[in-house]
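Working notes, structure below.
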Amino acid sequence: MIALDQLTHAHCEPCTGQTFTCGEPAFSLTLVEAALLGAARTGTERTPFALRFCGDPSLRIPQQIYQLENAQLGPLEIFIVQTGADRDASHFEAVFS
């Protein structure tokens, strides 16, 4: 498992299009974008980034930490926020600064 304080955009960007699964509650999300969010703050090494996911259109989950598993990254405990939904998908985001 990659420690969250070590996780970077470079780790995540190659996973775009891949599935992330959660066991409790059971759901899966697809990573649709790994977006850089500007320059690193003074005194930090990590450049801020966001992971944007989509899931089943009917999926509704509270914002909280979920353990997601990805074939390439392994298990990650990520704070996920639902940002919206439409007829095609539910949308979620996790921000790392």
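Key figures for this structure:
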| read-out | value |
| --- | --- |
| Enumeration of residues in region 27-63 that are more than 12 Å from the chain's Cα centre (by Cα), over 18 Å from Leu7 (Cα atoms) and in a strand (DSSP E or B) | Phe27 |
| Every residue from region 55-83 that is under 16 Å from Thr21 (Cβ atoms) and either open to solvent by 20 Å² or more (accessible area, probe 1.4 Å) or β-branched (Val, Ile, Thr) (or both) | Asp56, Leu59, Ile61, Ile65, Gln67, Glu69, Ala71, Gln72, Pro75, Glu77, Ile78, Ile80 |
| Residue, farthest from Glu77 (Cα to Cα), within region 29-51, restricted to residues that are open to solvent by less than 60 Å² (accessible area, probe 1.4 Å) and of a type in the set (Ser, Thr, Tyr) | Thr44 |
| Residues that are open to solvent by less than 60 Å² (accessible area, probe 1.4 Å) and either touching a residue at least 24 places away in the same chain (Cβ under 8 Å) or of a type in the set (Lys, Arg) (or both), drawn from region 1-27 | Ile2, Leu7, Thr8, His9, Cys12, Cys15, Gln18, Phe20, Cys22, Gly23, Phe27 |
| Long-range neighbours under 6 Å by Cβ, at least six apart or interchain, first residue farther than 12 Å from Met1 by Cα and of a type in the set (Gly, Ala, Ser) within region 72-90, second outside any strand (DSSP E or B) and open to solvent by less than 40 Å² (accessible area, probe 1.4 Å) | Ser90/Leu59 |
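The values are calculated or read from the model by the stated rules, or taken from the named source; none is laboratory data. Just so you know, these numbers come straight off a predicted model, no measurement behind them. Neighbour counts run over all protein chains shown; Cβ positions are idealised from the backbone, glycine included. These accessible areas exclude ligands, DNA and RNA; they are computed on the full protein's heavy atoms, side chains included. Shrake-Rupley method; radii C 1.70, N 1.55, O 1.52, S 1.80 Å.
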